[in-house]
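Engineer: Structure in structure tokens, see below.
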Amino acid sequence: MKRSTLALLLACAGGATGNAFAGPALDAAQAHFAAIGSADHAAIVRDYADNARLTWVGGPLDGSYDGPAAIGAVWDKFGAAAGPVRVSVMGIAESANPKGATVVAGVQFEGKMQVKVRYVLTYRDGKLVNETWQVDPKLAPASY
């Protein structure tokens, strides 16, 4: 009885089905990082839900930004300051269930400057609804 109860709980949480819910958010996050690296405004803004929020922690763009237009303006500022950047993902993981998915990653952007970031992205219904960009100068490969 305990085993079947555990199996039911895992199934409800998405665990018993392995990675049945994993994948799309991970792919979307990696495409998002690449769009930021190439300063592709249209691709960046396309990812966001209408009620999306970007929280940028550290650096000159520190603050909270709401909605695709305001968030897009922030990415335009970043692109102008950094220029085209090489993107290196130093670690990435996805957690998902039927309500949504969260991707956590360590990402390094290297162009005119080097920016190491702890990234957390939350997706619902295939759209990015919450994004946290935490500047983390001490971020190292496989740091989590």
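The values are calculated or read from the model by the stated rules, or taken from the named source; none is laboratory data. These figures come from a predicted structure and were not determined experimentally. Neighbour counts are summed over all protein chains in view; Cβ atoms, including those assigned to glycine, are modelled from backbone coordinates with ideal geometry.
Engineer: Can you find a residue that is in contact with a Lys or Arg (Cβ under 9 Å, 6 or more places away or on another chain), closer than 21 Å to Ala39 by Cα, touching a residue at least 60 places away in the same chain (Cβ under 8 Å) and surrounded by 15 or more Cβ atoms within 10 Å (Cβ to Cβ) anywhere in region 114-127?
Structural biologist: no
Engineer: Which one is surrounded by the most Cβ atoms within 10 Å (Cβ to Cβ) among residues in region 28-51 that are part of a strand (DSSP E or B) and in contact with an Asp or Glu (Cβ under 9 Å, 6 or more places away or on another chain)?
Structural biologist: Filtering first and then ranking leaves Tyr48.
Engineer: Is there a residue being farther than 23 Å from Met113 by Cα, touching a residue at least 12 places away in the same chain (Cβ under 8 Å) and either of a type in the set (Ser, Thr, Tyr) or in contact with a Phe, Trp or Tyr (Cβ under 7 Å, 6 or more places away or on another chain) (or both) anywhere in region 70-89?
Structural biologist: No, every residue in region 70-89 fails to be farther than 23 Å from Met113 by Cα, touching a residue at least 12 places away in the same chain (Cβ under 8 Å) and either of a type in the set (Ser, Thr, Tyr) or in contact with a Phe, Trp or Tyr (Cβ under 7 Å, 6 or more places away or on another chain) (or both).
Engineer: Follow-up question, since we're still on this one. Mind checking whether some residue in region 52-62 is closer than 25 Å to Gly23 by Cα, surrounded by fewer than 17 Cβ atoms within 10 Å (Cβ to Cβ), in contact with a Gly (Cβ under 8 Å, 6 or more places away or on another chain) and not hydroxyl-bearing (Ser, Thr, Tyr)?
Structural biologist: For region 52-62, residues closer than 25 Å to Gly23 by Cα, surrounded by fewer than 17 Cβ atoms within 10 Å (Cβ to Cβ), in contact with a Gly (Cβ under 8 Å, 6 or more places away or on another chain) and not hydroxyl-bearing (Ser, Thr, Tyr): absent.
Engineer: Among the residues that make up region 15-23, is at least one of them modelled with pLDDT of 85 or more, loosely packed, with under 14 Cβ neighbours inside 10 Å, in contact with a helix residue (DSSP H, G or I) (Cβ under 9 Å, 6 or more places away or on another chain) and over 20 Å from Arg86 (Cβ atoms)?
Structural biologist: no
Engineer: Taking the condition within 19 Å of Leu139 (Cβ to Cβ) and aromatic (Phe, Trp, Tyr), does Trp75 pass?
Structural biologist: Taking the combined requirement at face value, the residue does not satisfy it.
Engineer: Out of all the residues in region 43-72, which are of a type in the set (Asp, Glu) and more than 23 Å from Asp136 (Cβ to Cβ)?
Structural biologist: Selection gives Asp50, Asp66.
Engineer: In the set Gly106, Gly111, Gly83, which member is out of contact with any helix residue (DSSP H, G or I) (no Cβ under 8 Å at 6 or more places or on another chain) and farther than 19 Å from Val57 by Cα?
Structural biologist: Just a single option satisfies the conditions, and that option is Gly83.
Engineer: If the Cβ limit is 9 Å and pairs must be 6+ apart or interchain, which residue in region 96-109 that is surrounded by fewer than 16 Cβ atoms within 10 Å (Cβ to Cβ) pairs with which residue that is basic (Lys, Arg) and in a strand (DSSP E or B)?
Structural biologist: Once the first residue is surrounded by fewer than 16 Cβ atoms within 10 Å (Cβ to Cβ) and sits in region 96-109, its partners that are basic (Lys, Arg) and in a strand (DSSP E or B) give Lys99/Arg124.
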